[in-house]
Structure formats: C-alpha cells, structure tokens
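Chemist: Provided herewith is a single structure, encoded as structure tokens, for subsequent inquiry.
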Amino acid sequence: MIARGVIVFERLVNWIRKNSKRGDLAKILCSVAVAVLLSMCFGVSATSAADDHAAPLVLELKLNDMIEPILATYVDEGLTDAAQRHASLVLITMDTPGGLSDSMTDIIHHILESPVPVVVYVAPVGARGASAGFFILLSADVAAMAPGTHTGASTPILMPGGFSVPIDDVLRKKINNDAMAFLRSFTEKRGRNPKLAETAVTDARAFTEKEALDGHMIDLIANDRDDLLKQLNGREITRFDGKTQKLSLQGYTVTDFELSARQKFLSRIVQPDIFFVLLMAGVLGLYTEFTHPGVVAPGVIGGICAVLALYAMHLLPVNFAGVLLILLALALFILEAKLASHGVLLAGGIVSMLLGAMFLIRSPLTPGGVSVGVALAVTIPFAFFAVFLMRLVLRSRRWKVSTGKEELLGEEGIVTTALPAGGDGMVRIHGELWRAGSSASIADGKLVRVMRIDGLKLIVEPVETPATTSR
C-alpha cells in the first residue's frame with residue numbers, strides 16, 4: 001500500500017512540473033503530498049480494520065489411528081502452523097486405540113506448550129480415546145467427547161524383550177507410579193480429577209462420555225463439531241501457564257490441516273503389520289537374489305523393501321528377541337532344504353517366525369503389534385518359498401556343467417587315428433576332432449571316454465562294450 005502511494009506521488013510531481021508555473025509549484029506539491037499521505041493512512045487503517053474483523057480461524061487436526069512418531073510430527077507441525085496463522089483455536093478430533101508412549105509424550109508436550117488454545121474432541125459416535133489417547137484428552141485446554149464414545153483403559157503394558165512375563169509388585173508399582181505421576185502433572189493444573197483419572201492406569205478403568213463428565217475429567221459433551229464450537233464461543237478457559245483467555249468464535253471458519261503426502265506414506269510404513277510385510281519382503285527378495293544371481297528384479301524390490309523396513313525400525317520400538325526369532329526361522333528353513341528332517345525343521349521355523357512377528361513390536365500403553373492374521377499370511381508362504389529356493393540351489397550343484405571344456409568330462413567319442421600307448425592320436429567328440437592320449441593302445445574306430453583334460457589334449461580310456469551272446 002505504501003509503495004503504491006509513493007509511486008503515485010512521484011508521477012503527480014512529474015506532471016505538475018511540466019504543466020504548472022513556478023510560483024504555484026510549491027503550494028501544489030504540498031497539497032498533493034498531504035492528500036497522498038492521508039490516503040495511505042486511511043488505506044492502512046482500512047486494511048487493519050478488515051484484518052481485525054476477519055472470521056476466527058479454527059484449525060482442525062485428526063488423530064484417527066495408532067499414536068506413532070509420524071502422527072506426533074503431524075500434531076507438532078499443525079500447532080506450529082496454527083500459531084503462525086494466528087488461529088483462534090486448534091481442534092484435535094480423535095479416535096484412537098492408543099499408541100506408543102514416546103509419541104504420546106511428544107504430543108502432550110506440544111499441546112501444553114502451544115500458544116493457541118487446544119481442544120481435544122473424541123468423535124464421532126462410537127469413537128474412543130483409549131490408552132495413550134486418554135492421556136492426550138486430559139492434557140488439552142478443553143476436553144470434549146461426543147455421545148456414544150469412551151475413554152480410559154490406560155494401564156501400561158510391560159513386555160521386556162517382547163515376552164509377556166510375570167513381574168513382581170515392586171516393579172509393577174514403579175511403572176504405574178511413573179505413569180500416574182505424569183498424568184497428575186497436567187490434570188491437576190487443568191482442574192480435572194486426578195484421583196479418578198489414575199484409576200484408568202491402576203485398574204485399567206474405562207469411562208463413557210457421561211461418566212467422564214460427571215467425574216470432572218472432561219469439560220463438555222457435544223453432539224458434533226458445530227455444537228462443540230457453539231458451546232465454546234465466549235467460554236473463558238485457563239491456560240496451562242495459569243493465564244485466562246476468553247474464546248471468541250463468532251462466525252468462525254474451520255480449516256483442515258491434512259497429513260502431507262510424505263507423512264501419509266510414512267504413517268503407513270510404521271504400522272506394525274506393514275512394517276512386518278516390508279521386512280519379510282526385503283529378506284525374501286535379497287535371499288532370492290543371493291541364491292539365484294542375475295534375476296535382478298527380486299534383488300531390486302527386496303532392497304527397497306529392506307530400506308523402508310529399516311526406516312520404520314528406527315522409529316518403532318523393535319524388540320531384539322523378535323528379530324532373533326525371525327533370523328532363527330530363516331536358518332531353520334535353510335536346514336530343512338539340506339537335511340531330511342521330515343518337516344520338523346520347517347515346522348520349527350514357522351513357529352519361530354510367528355513368535356518373532358508377535359514379539360517384534362511392543363510398547364507400554366499400547367496393545368499394538370503385528371496381528372496374528374498378517375503373521376500367518378506372511379510366514380507360511382515365506383517358509384515354503386524359502387525351502388523351495390534352497391532346494392533348487394542344492395539341486396543345481398549336482399547338475400553337470402554344460403558349458404566350457406568341463407562339459408567334455410565323461411563324454412564318449414570315436415577314435416579316428418589310432419592311439420599308441422603313451423602317444424597321441426585323434427578322437428571325434430560332438431562332431432569335433434580333438435588330440436587325445438591314452439596309457440593303453442587303442443585301435444582306430446574304438447569307443448573311448450574322456451577322463452580329464454590337459455590343456456588342449458584329452459586323456460581318454462577305452463570303453464568296454466559288453467559281449468553279445470547268441471542262443
């Protein structure tokens with residue numbers, strides 16, 4: 001606006017100099033300067049007034065899957081974008097069974113530090129904010145639920161090394177107390193009921209939306225998004241730092257903050273089932289390439305899948321015991337092809353790989369891991385295909401060489417020039433004449449067999465033909 005006014009002013013000055021007398025030039029310039037400055041001020045004021053009266057912006061994020069590192073990054077970017085756009089509110093609509101504890105903690109830290117008020121809304125009807133989702137719900141400036149939803153069931157799950165083992169009461173209390181202390185650290189400042197919230201950890205208790213509202217763990221129940229924003233308009237909330245803020249949402253506009261194409265792709269990779277499929281596809285592809293060099297395609301596909309699986313492994317809490325069980329399964333499949341175990345090694349490999357798949361990914365606050373259906377669907381074909389490929393390799397080692405001079409070993413031919421003992425003669429093999437030698441004298445026309453090759457000379461011996469008898 002200011003730059004445009006300066007340009008207009010310069011053009012007016014040039015026109016006045018050309019068309020005005022010198023005596024009136026100073027007065028005219030002063031008048032024009034005042035007019036331009038006034039128009040610029042009014043223009044800037046009008047722009048500012050228009051900005052002040054712009055509709056309040058509500059930025060909506062969606063957590064509709066397992067809580068994992070990609071979604072944690074998505075929430076972080078969404079809150080940052082809301083602050084840069086001076087949004088009035090961030091609305092996180094949630095329907096999750098839980099997720100990884102580290103990702104949950106990351107999301108909660110960003111919510112608590114957000115300069116823009118954050119509302120977490122469990123919706124639509126039938127949705128849940130279970131396990132890690134319960135912690136996220138209670139960390140928001142405003143916690144809301146739709147009718148027919150539930151939350152809670154947040155007992156940490158301890159599976160050291162991927163194996164569910166009994167633990168003593170002292171260790172169990174230590175784990176639960178750590179989770180409860182983290183829960184109290186923000187529920188008390190949010191003015192919610194920490195005692196009741198702790199029962200979701202200690203007793204794995206779950207709550208309907210009415211139970212959560214009556215227990216002072218959420219702030220309101222809303223039928224849908226519009227109902228929620230209508231109830232929030234004019235509501236005064238207390239931020240995590242203790243400051244109060246009145247929400248002004250009259251005439252609001254809602255903008256969705258979507259996952260980027262990269263985040264959508266990566267969020268699929270880090271899902272346990274997809275990760276396991278990629279891992280097995282990578283192993284099988286590379287195994288095929290190593291056992292059958294030159295096929296190319298399996299090696300390329302396997303290499304890509306293996307790299308993607310390694311990326312997901314970097315983000316997911318992968319248990320070393322699960323990886324060892326999968327490697328053990330691969331070794332058993334190879335031994336099955338080499339040894340006559342009557343299927344014992346094959347069965348052992350299948351069991352080992354199934355256990356490895358189920359123990360591969362585990363984290364507190366989530367039951368997530370590779371599903372049994374996917375583990376079976378991948379393991380059984382993998383087992384038979386790995387054994388089949390190894391048997392092909394072992395069988396090919398027994399095949400006779402069919403190229404080069406080695407193909408002549410054991411071949412039979414006809415003597416064309418008699419072979420003296422210790423001397424050289426000529427034999428015809430495969431339609432070719434070769435110089436040959438023998439330790440015994442062999443007459444012309446006799447049948448001989450190649451025993452070894454000495455440079456370009458064949459060392460042969462006579463072939464004894466069975467005598468024919470007449471009756």
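Nothing in this text is a laboratory measurement; each read-out follows from the coordinates by a stated rule. In this text, all values refer to a predicted model and were calculated from it rather than measured experimentally. We place every Cβ from the backbone using ideal geometry, glycine too, and count neighbours over all the protein chains shown.
Chemist: Just list whichever of 62/243; 174/195; 62/230; 210/246; 62/174; 62/264 have alpha carbons separated by over 23 Å in the model shown.
Modeler: 62/243; 210/246; 62/174
Chemist: Multiplying the sequence separation of residue 169 and residue 339 by 0.36 nm and subtracting their Cα-Cα distance, what value in nm do you get?
Modeler: 56.5 nm
Chemist: Between residue 351 and residue 463, what is the label-point separation in nm under the 7 Å Cα-to-beta-carbon projection?
Modeler: Each label point lies 7 Å from its Cα, and together they span 5.3 nm.
Chemist: Label point 7 Å out from residue 233 along Cα-to-Cβ: which residues of segment 101-145 have amide N under 20 Å?
Modeler: In segment 101-145, the label zone of residue 233 (backbone N under 20 Å from the point 7 Å along Cα→Cβ) covers 117-121, 142-145.
Chemist: Compute the distance in nm between two label points, each set 7 Å from the Cα along the Cα-to-Cβ direction, one at residue 176 and one at residue 324.
Modeler: Inter-label distance under the simple model: 3.1 nm.
Chemist: How high is the relative contact order of segment 215-290, given as a whole-number percent (alpha carbon pairs under 8 Å, six or more residues apart)?
Modeler: Contact order relative to length: 15 percent.
Chemist: Would you please give the FRET efficiency between residue 432 and residue 384, computed as 1/(1 + (r/R0)^6) with r the Cβ-Cβ distance and R0 = 45 Å, to the nearest 0.05?
Modeler: 0.50
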